[in-house]
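Some notes on the structure that comes next.
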Amino acid sequence: MKFIFPQNYNFKSKLFGIIDYSTIFLNLFWNLFIFIFINIFNNINIKISLFFILSFPLFLFSIVGFNGDNIFYVIKYIINFLLKQKLYLFTKNFYQSP
C-alpha cells in the first residue's frame, strides 16, 4: 500500500497518536520535580494528594491540547502575553471637522 502525503502536510510523531514526545519529557520532568518536592512530607496521603493535584492539570492539558499545538509553544505564548501585555483602544471619530 502506498500513501501519498501532500507537501504542506506537517507530520508530527506522537506517542499513541496523542502526545508529542517533547510534551512527554516535559511531563516527566515536572512529575520528577514534584516527586522530589513532596518527599519532605511524612504522610503518604498528603504525598499522593499533592502529587495528583500538582501533576494532573499539566497532564490533562497535554492530552486535550490546544488545537494540536505543542505544550512548549503554548507556555511560550502565555509567558509572552504576561510579560508584554498590551491593551489596544481604538476610537472612531464620526464627526470630522473640515
Hits in the stretch 27-48 - residues which are open to solvent by less than 60 Å² (accessible area, probe 1.4 Å) and modelled with pLDDT of 90 or more: N31, I34, I38, K47
field: Criterion violated by I24 - all others in (1) hydrophobic (A, V, I, L, M, F, W, C); (2) at pLDDT 75 or above; (3) in a loop (DSSP other than H, G, I, E, B) satisfied
entry: (3)
query: What pairs can you find where one residue is in the stretch 72-98 and within 30 Å of P57 (Cβ to Cβ) and at pLDDT 80 or above, the other is part of a helix (DSSP H, G or I) and open to solvent by less than 100 Å² (accessible area, probe 1.4 Å), and their Cβ atoms are less than 8 Å apart, with a gap of 6+ or different chains?
result: none
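The values are calculated or read from the model by the stated rules, or taken from the named source; none is laboratory data. Only a predicted model underlies this, so the values are computations on that prediction, with no experimental measurement involved. A quick note on method: Cβ atoms are made from the backbone with ideal geometry, for glycine too, and the neighbour counts reach across all protein chains shown. Each accessible area value is taken on the protein alone, full model and side chains, heavy atoms only, with ligands, DNA and RNA left out. Shrake-Rupley method; radii C 1.70, N 1.55, O 1.52, S 1.80 Å.
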